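The values are calculated or read from the model by the stated rules, or taken from the named source; none is laboratory data. Here the structure is a predicted model, which is why all the values come from computation and not from measurement. Using ideal geometry, Cβ is built from the backbone for each residue, glycine included, and neighbour counts are taken over all protein chains shown.
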Amino acid sequence: MSPRVAQPWFSLNRIDDTITLLTEPYTAPFIRSNIWHVRGRDRDLVVDTGLGISSLREAAPELFDREAVAVATHAHYDHVGGLYEFEVRAVHPLEADTLRSPTFAALRVADFPPSLRRELARDGHAPGDELLTAYPDRDFDPSTFRVRPVEPTWLVEEGDAIDLGDRAFEVLHLPGHSPGSIALWEAETGILFSGDVVYDGQLLDELPGSNIADYVASMERLRRLPVKAVHAGHYSSLDAHRFAELVDAYLRHASSEQLRYRD
């Protein structure tokens, strides 16, 4: 029996006067990325775009009513599925080819590679599970799910600025989770949009394209930032204390793993 149809597909949570969080509540947390909308004076910012199995613009026309820069923090499919809906699509050059030719997307545990099936098993998912508790419409078929290929229109690199008119976010290149992972940093407010570099869950550093040494260097760099609030790629936002705890925990873990391999 197929899951029920659920509309609206997205949930919206207003963080403050300018920042709104959108999520897909009928997806498993493992693939439920956070979609951040930031209202600027001259244009808006969208940080990541979810799975793309239902339209962001149709779900929240009051948010997506004018020009926006859609930034992919990295090219993993749970973060870029809705990128095709935006005219300005920014990503780091090392992630661009994956946007042009997506290599992997799955909504069923059985379709994941063994290493990721183990991660899903830790979250309680059996091999035959689907990662949806509802469908966006009656005709939806998870076995045919694919991410639409898109051409990036803006290749952003370390130090570039996403200028919204009354505020600007600096691009930080933070490889480790993926080669071209980026975060967006607003020094004036201490706000960091961290993508999958830091979130309050199991951080993944053994995926294809991951690099633990790079991840350690990225975390050491983040630890020196005067962060006040982190809006992450998954789960809840973080205050400065929790952010520091997570960064320090990863650095301890990586150090112990390197010692274990050395022995």
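Results, tabulated for the structure shown:
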| quantity | calculated |
| --- | --- |
| Strands (runs of 3 or more DSSP E) within region 1-109 that include 1 or more residues of a type in the set (Val, Ile, Thr) and under 16 Å from the mean Cα position of the chain (by Cα) | 19-23, 35-38, 44-47, 68-71, 88-91 |
| From the options Ser236, Ser256, Ser210, residue that is under 24 Å from Arg118 (Cα atoms) and touching a Leu at 6+ places or on another chain (Cβ under 8 Å) | Ser210 |
| Residue that is surrounded by the most Cβ atoms within 10 Å (Cβ to Cβ), among those in region 133-147 that are without any contact (Cβ under 8 Å) to a residue 40 or more places away in the chain and part of a loop (DSSP other than H, G, I, E, B) | Asp141 |
| Residues satisfying the stated conditions in region 72-87, i.e. over 19 Å from Ser178 (Cβ atoms) and touching a strand residue (DSSP E or B) at 6+ places or on another chain (Cβ under 9 Å) | Glu85, Phe86, Glu87 |
| Sole exception among (1) modelled with pLDDT under 95; (2) in contact with a strand residue (DSSP E or B) (Cβ under 7 Å, 6 or more places away or on another chain); (3) among the hydroxyl-bearing types (Ser, Thr, Tyr) for Thr103, by number | (2) |
| Filtered residue count, region 148-175, keeping only those that are touching a residue at least 40 places away in the same chain (Cβ under 8 Å), in contact with an Asp or Glu (Cβ under 9 Å, 6 or more places away or on another chain), in a loop (DSSP other than H, G, I, E, B) and not small (Gly, Ala, Ser) | 7 |
| Any hit, region 23-32, residues being farther than 19 Å from Phe140 by Cβ and touching a Phe, Trp or Tyr at 6+ places or on another chain (Cβ under 8 Å) | yes |
| Some residue of region 24-41 being without any contact (Cβ under 8 Å) to a residue 24 or more places away in the chain and under 25 Å from Ala134 (Cα atoms) | yes |
